[in-house]
Amino acid sequence: MTPAPLDAAVVGTGRIRGTSTDLPMPTTRSVLPEPPGRPGPPGSVLPEETAPVPPALADDDVPQQLIDRYGRTVRDLRLSITDRCNLRCTYCMPAQGLQWLPTPDLLTTAELTRLGRIAVERLGVERIRLTGGEPLLRRDLEEIIGSLSALRTSTGVKPDIALTTNGLGLERRAAGLRAAGLDRVNVSIDSLDPQDYAAITRRDRLADVLTGIAGAQEAGLAPIKVNAVAVPTTVEHRAPRLLAECLRRGWQLRFIEHMPLGPRETWSSQDVVGVDQILEVLREAGFTLTEVGRPDRRPAALWRVAAGSASGQDYPAGTVGVIASVTAPFCSDCDRTRITADGRLMTCLFSSTETDLRGPMRAGADDDELIRIWARATWGKPRAHGSDSPQTESDGFARPQRTMSAIGG
């Protein structure tokens, strides 16, 4: 299975609850206060805080949905299944010296399935995305997906199951993953130039990634979405060529603003290429873009791209997206909840607060108790993440203790 040949030097944007008396209370640790910040782009309507305690919990009932004190309801679960990765992307982790979670600390297949079942069958979650680290490093990935895809919402609908991956090893597992119930994949590729890719990821594996995508397409995991982190040193010259190539190959490109979630020395506010700059670069390169917006409150804002030509080669019409978490955050209608590979609940990607679910599970908590824990944590979700706060300029932003690979993207 061989991917289509690349044009010369096609380059991307390289960078980036209560509990019974014999059960322990869940550990909730807050390292730093939540930062202030603008929770939405200019003109967005911000949610107002309501009751200080979740209404259902105030009456000792069991909630039937996850809702925060600003009225946002969770529909999307980001479930990390490992912190390990076989790449070392410069914007995500250091080249060496990483301390991986011990295997006994990772959520087991049964634990992952249980949390997924609670989320889907009892709390109204409609979408599950498996993340890492690199999820393909879990040998039981097909079993995990099979268990999650067998779940049904209260209306009898299968949850949408997606995977974020770097693509290494995807070719030999794509058919099995699809058969298990995986619906689609997002593949991280920041450059389609082999040398650039090797410099960004510290691994010379671009050819293997492209072969993996070809396998995913053949298995019917469509559409293929490509995630590319945008930084100033590359976006101007390379983003247009990456978009043109993705359109030609039938991939849906999503540019992601560089977020402060890697090693501290790898990010500053000056490194953020905002959505306006990305669009300007693409338009100056000749792309005709028409704004679509953010369908179904998904993270990526979309633009239609008219058919055209670049570098002497035609490309078909398609779409391009920008996930502007820093310059135009979409906190006001965020519907996501996150669980790390070791069973810590994070209500926000940037949160400095974690709530333990694995401990109560292993101590014998029943589903109702886990729901109460989950609901209390969700109620305390901050109004906004604050990565665009002026504090960030002086490095005062309250970064999470974990890097992206340890949180789950």
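List of remarks:
- Pairwise label distance in nanometres, Glu218 with Asp314, each label 7 Å out on the Cα-Cβ vector: 2.8
- Sorted ascending by nearby beta carbons within 10 Å, beginning with the fewest, Asp105, Asp367 become Asp105, Asp367.
- Computed FRET value (nearest 0.05) for Gln195 with Gln65, which takes r as the C-beta separation and R₀ as 56 Å: 0.70
- Per-selection Kirkwood Rh - segment 120-239 (Cα, Å, 1 d.p.): 15.3
- The distance linking segment 102-176 with segment 203-255 is 23 Å (Cα centroid to Cα centroid, whole angstrom).
- Here the spin labels are modelled as points 7 Å beyond Cα on the Cα-Cβ line, and at Thr108 and Glu143 they lie 1.0 nm apart.
- Hydrodynamic estimate: the Kirkwood radius of segment 275-326 over Cα pairs, inserted into Stokes-Einstein at 20 °C and 1.002 mPa s, corresponds to D of 183 µm²/s.
- Sorting the segments 286-298, 344-356 by their mean number of nearby beta carbons within 10 angstrom, highest to lowest, gives 344-356, 286-298.
- Label-to-label distance, nm, for residues given as Thr288 and Leu101 (7 Å Cα→Cβ offset): 4.9
- Sorted from longest to shortest, the spans of the Cα atoms of segment 169-251 along the three principal axes equal 41, 25, 17 Å.
FYI, it's all coordinate maths here, none of it is from the lab. Since the model is a prediction, treat every value here as computed from it, not as a measurement. Ideal geometry is used to build each Cβ from the backbone, glycine not excepted, and the neighbour counts take in all protein chains shown.
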